[in-house]
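What follows is calculated from the coordinates using simple rules that are stated; it is not laboratory data. In this text, all values refer to a predicted model and were calculated from it rather than measured experimentally. Here Cβ is always computed from backbone atoms with ideal geometry, including for glycine, and neighbour counts include all displayed protein chains.
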Number of protein chains: 2
Amino acid sequence: MWVRILGNGSGGPFRGRHYSAQVVHDRRHYFLVDCGEGAQEQLHRYEMPVDRIQQIFITHLHGDHVFGLLGLLTSYSLKNREQTLQLFSPPGLAAFVFDAARHCGIRFSFPLEFIEVGCEHSEHVFETKAIEVWTIPLRHGTPCVGWLFREKPRPRNIRPECIERYGLSFAQIRAIKEGADLILADERIVPNEELTLPAKPLRSYAYCSDTAPSEEVADVVRGVSLLYHEATFTSEHEKEAAEAFHSTARQAAEIASAAQAGQLLLGHFSGRYPDTTRHLCEAREIFPNTEVSVEGIEYAVGE
Amino acid sequence: MWVRILGNGSGGPFRGRHYSAQVVHDRRHYFLVDCGEGAQEQLHRYEMPVDRIQQIFITHLHGDHVFGLLGLLTSYSLKNREQTLQLFSPPGLAAFVFDAARHCGIRFSFPLEFIEVGCEHSEHVFETKAIEVWTIPLRHGTPCVGWLFREKPRPRNIRPECIERYGLSFAQIRAIKEGADLILADERIVPNEELTLPAKPLRSYAYCSDTAPSEEVADVVRGVSLLYHEATFTSEHEKEAAEAFHSTARQAAEIASAAQAGQLLLGHFSGRYPDTTRHLCEAREIFPNTEVSVEGIEYAVGE
């Protein structure tokens, strides 16, 4: 699982960082997560396969997270996209999109499926064969959810030498991968643990932007491999962060620590900080395995 | 008068050119003309004085001309702008903006004044001390106007040597600049032409995007110093241009020629043309003083 950062700036006047958007993928499925103004240009810049996106996950309806959606949907229509696009978000996104479409004469060439999610409890909302997606309730003064992408449990791996040793059939291999023991011709039983190796650990990615620090976030994302947590401010501006339902870098690190996350990635930086060294330093004091997100970089989840 | 091109691409998927937006100014007043997605970032990139903009002129409500507006207005509010912003456009812009504001929780910190213009006849809609602004009816299958910026007639310039020769007072100088003759103490009359030099020729700039070729455009902008005319396509795709109410570069040149424009600037290029050499060549065959607009460049009008 990978995440490509398209924008790690907060709202406010453009000051060099792009508005929130990122692509989470496993090289089969590409999910767009938030879609601030300019997401389309950033998708182009970093050569993301924009036409393979079938799901968009929006955290909330503030402009720095959705204003890029109108252009992207218009462009899909001008390319005569036919495939359904699913849009997951707190309530209100459909009205925003359809009102704008009406005023601006957008005729969608493809079905839009809006899935409204609640913001009170973590909900399972979507899955592929390999990944499931859950909401993360956030505290932002407006209905707002983060998104948790989790690999599904995978079958154990069969030990290659066992296939030849016992002359296993495909049906036997499938059953053993799913946990069965092997019964030999002489009725001896070979236990599953002798035939298989454990599957790789499950990786997970949590995207939390925007939010005041929240113990519930730590609970929901407990054990997450990679936590992207907003750090709009540094501790110097903690009061301002609280007033605006945002976090400082230190608070983000405290959440990562409480959640026993594998790694912390900071983002959603206020335009007042041209440099984010202070964010990094104050977070690493609490949670050493912290990085400051960089636009354009693709981060491997859990590696 | 100058025009800074922020985006010269047409609608459709982002392919390297930015969506329509430009800044017309005389170093006193800065007008934003169209506001496609990413205009805010382009204003920042080219260090335009974004807070000095008091008027925005929108040609029509297609996304590639207005989707940048929501982000810009939000940013003004987050900066606590207080000054009124006037927005000139065909009908519908206020509904687009206010519906989006309602869905996305934008609270404007400043008054917005929407001025709806008709699209049938050229209308005078705005003026400063030095510049007046007129609509240009365009043919685009949706209500659409271009914008004509014209310097107002200026007083003649007094010949510096006359001030000392005749010992002119301020009141006399002002009267002479406005056309009065000078009556000397002995009642001799010095005619105005002897005291003054003609004012510099009046400059004008016309922005015509998007439109099928239109004789009415040529009539309205007759004698314009600099004509920015859309050239979404080359002649090779003339049929497609007609179907979409767009122009080819050759047609843009024919309009410039019919209008006896001083110079032609081509723009609004379809993403299918990575290179615009052909646009330039076919336009120059008809109208030699043609340039292909370049994003980021500031063009002097009438020089």
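The figures follow:
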{"read-out": "Degrees between helix B:249-258 axis and first principal axis of chain B (Cα, 0 to 90, nearest 10)", "value": "30"}
{"read-out": "Inter-copy separations for B:ARG15, label at 7 Å along Cα-Cβ, nm, ascending", "value": "3.6"}
{"read-out": "Hydrodynamic radius (Kirkwood) for chain A, which is based on Cα pairs only, to one decimal in Å", "value": "20.7"}
{"read-out": "Dipole magnitude (debye, nearest 20) for region A:131-214, charges at Cβ of Lys, Arg, Asp, Glu", "value": "360"}
{"read-out": "Spin-label model distance (nm) - B:ARG52 vs B:GLU243, 7 Å beyond Cα toward Cβ", "value": "4.5"}
{"read-out": "Axis-proximal residue, chain B, for the rotation superposing B on A (Cβ, Å)", "value": "B:ASP99, 2"}
{"read-out": "Other protein chain Cβ atoms within 10 Å, averaged over every residue that makes up A:91-102", "value": "4"}
{"read-out": "Protection proxy ranking of B:206-217, A:169-180 - average other beta-carbon atoms within 10 Å, highest first", "value": "B:206-217, A:169-180"}
{"read-out": "Average beta-carbon neighbours from other chains, 10 Å sphere, peptide B:214-224", "value": "0"}
{"read-out": "Theoretical gain in end-to-end length, A:ILE173 to A:GLU303 [0.36 nm per residue, Cα-Cα removed]", "value": "43.9 nm"}
{"read-out": "Copies compared at B:SER169 - label distances in nm, ascending, label defined 7 Å from Cα in the Cβ direction", "value": "11.9"}
{"read-out": "Virtual spin-label span in nm between A:LEU202 and B:SER109, 7 Å along Cα→Cβ", "value": "4.5"}
{"read-out": "Contact order normalised by residue count of region B:157-197, Cα under 8 Å, 6+ apart, percent", "value": "45"}
{"read-out": "Mean-position separation - Cα centroids, region B:186-214 and region A:206-221, in angstrom", "value": "65"}
{"read-out": "Shielding of A:179-190 by partner chains, average beta-carbon count, 10 Å", "value": "0"}
{"read-out": "Pairwise FRET efficiency - A:ALA180 versus A:VAL294, Cβ, R0 = 56 Å, nearest 0.05", "value": "0.75"}
{"read-out": "Most mobile of B:LEU184, B:LEU69, B:LEU43 in a GNM of chain B (Cα contacts under 10 Å)", "value": "B:LEU184"}
{"read-out": "Using a Förster distance of 60 Å, the FRET efficiency for A:HIS121-B:THR84 (Cβ separation, nearest 0.05)", "value": "0.85"}
{"read-out": "Share of alpha-carbon pairs per 5 Å distance bin for region A:78-206, given as whole %", "value": "2, 9, 12, 12, 10, 10, 9, 8, 7, 7, 6, 4, 2, 1, 0, 0"}
{"read-out": "D_trans [Stokes-Einstein, Kirkwood Rh over alpha-carbon pairs] for the protein assembly as shown, 4 °C, 1.567 mPa s, µm² s⁻¹", "value": "47"}
{"read-out": "Where trypsin sites (Lys or Arg not before Pro) fall in DSSP loop in region B:1-108, at most 13 other Cβ within 10 Å", "value": "B:ARG27, B:ARG28, B:ARG107"}
{"read-out": "0 to 90° range, to nearest 10: angle between helix A:69-78 axis and chain A longest Cα axis", "value": "70"}
{"read-out": "Listed residue (B:HIS60, B:HIS237, B:ILE297) projecting farthest to the positive dipole end of chain B, Cβ model", "value": "B:ILE297"}
{"read-out": "Restricting region A:243-303 to trypsin sites (Lys or Arg not before Pro) in coil, as DSSP defines it, with at most 16 other Cβ within 10 Å", "value": "A:ARG272"}
{"read-out": "Average silhouette area of region B:157-197, convex hull of alpha-carbon atoms, in square nanometres", "value": "2.5"}
{"read-out": "Pairwise label distance in nanometres, B:ARG159 with B:GLU187, each label 7 Å out on the Cα-Cβ vector", "value": "2.5"}
{"read-out": "Only Lys, Arg (+1) and Asp, Glu (-1) charged, at Cβ; chain B dipole about Cα centre in debye", "value": "760"}
